[in-house]
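The values are calculated or read from the model by the stated rules, or taken from the named source; none is laboratory data. Every value quoted in this text rests on a predicted model; they were computed, and no experiment measured them. A quick note on method: Cβ atoms are made from the backbone with ideal geometry, for glycine too, and the neighbour counts reach across all protein chains shown.
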């Protein structure tokens, strides 16, 4: 009899523990869903500090491995075009933050911002592979210094356009996207060849 | 005394580390220095390292084996495009001239030097015998427009150079032919 009661008590603990765990996990997931990871946050902070002024958060969303997994499974039931299908199939995690500067800055030095972003990201083991500044717009793409193992690629992107800042970070399987890009290039080459033949 | 010894040891260690780093840099790698984005005008910087190149190489392998083979030999691709303005024109022209002088001194082969319509193009190759190109440098300065600096580092077969020019859109390379280890340009700009 005491043994049975003890077992009953144990099961009670297990169930209570599981419920508490699920609640905490759900709460953490929900909070985490609206927070950027540390690398993306560091990139965002470096840009914000470089531009100065007061920033307003428009949106910040984080979708981890599980969320993107659910999206992948769910999307199988939908009829999608090749491009979004390839993007969904590739994605293993993503986060996006959109921010807006409350007042128009007097001047923005993209070179200075890029240098700040480089410093912040290289301290975290990232290197910039692309940096483009054009007409006051700034785009920079960072990837981990050791990247590309197993066809997986992790990228962190910043886009600064006057008062708007977008930081995006994504991790994905490059195979499906690359396949699509190659098909596209092939199709465009054929089209260009066709047009050239028609003209000549 | 102890502090001096520590300082000496630290200095020795640091210089050894720096020397080791300099020694491990591939022979085809050229340091153009850092480029600052101008306050107005275009600026583009692309720096692709070996890990990313090998990722693309593995992805492209089944579709284009020849290109994949070329990519496997590449270690680094660096491209800098900077808009010219009154502020940076002089500095960038000087920099290109200085890099050119250094390359000449370090045994690089100048395969193209063309000056036409305000366009100044220089192409250099670092070769290892007749079999391999270890590095490629393209410096192009278009008066009133932009300066372009390209450095491709790797182990490239001379026969792959025109494909490299085609795939990476480096026009001066497309017309380049290597005959008997010596580079020649089709249109005779050399």
Quiz item: Here are some residues: B:138, B:79, B:60, B:56. Which one is surrounded by 17 or more Cβ atoms within 10 Å (Cβ to Cβ) and touching a residue at least 60 places away in the same chain (Cβ under 8 Å)?
Solution: B:79
Exercise. Would you check if residue A:52 is surrounded by 13 or more Cβ atoms within 10 Å (Cβ to Cβ) and closer than 30 Å to residue B:39 by Cβ?
Key: no
Quiz item: Given the residues A:106, A:117, A:140, which is the only one that is within 17 Å of residue A:47 (Cβ to Cβ), modelled with pLDDT under 80 and either within 14 Å of another protein chain (Cβ to nearest Cβ) or in contact with a strand residue (DSSP E or B) (Cβ under 7 Å, 6 or more places away or on another chain) (or both)?
Solution: A:106
Quiz item: Picking from A:47, A:108, A:139, which residue would you name as being assigned to a strand (DSSP E or B) and within 30 Å of residue B:88 (Cβ to Cβ)?
Solution: A:139
Practice problem: Filter segment A:50-89 for residues that are under 30 Å from residue A:109 (Cα atoms) and either assigned to a strand (DSSP E or B) or not assigned by TED's automatic domain parsing to the domain that holds residue A:167 (or both) and give the result. | Solution: A:55, A:56, A:57, A:58, A:59, A:60, A:61, A:62
Quiz item: How about segment B:28-129: which strands (runs of 3 or more DSSP E) wholly inside it have at least 2 residues that are within 14 Å of another protein chain (Cβ to nearest Cβ)?
Solution: B:43-48, B:74-83
Self-check item: Count of segment B:111-127 residues which are within 15 Å of residue B:138 (Cβ to Cβ) and free of Cβ contacts under 8 Å to residues at least 40 places away in the same chain
Solution: 5
Quiz item: Can you spot a residue in segment A:150-162 that is facing another protein chain (nearest Cβ under 7 Å) and without any contact (Cβ under 8 Å) to a residue 24 or more places away in the chain?
Solution: yes
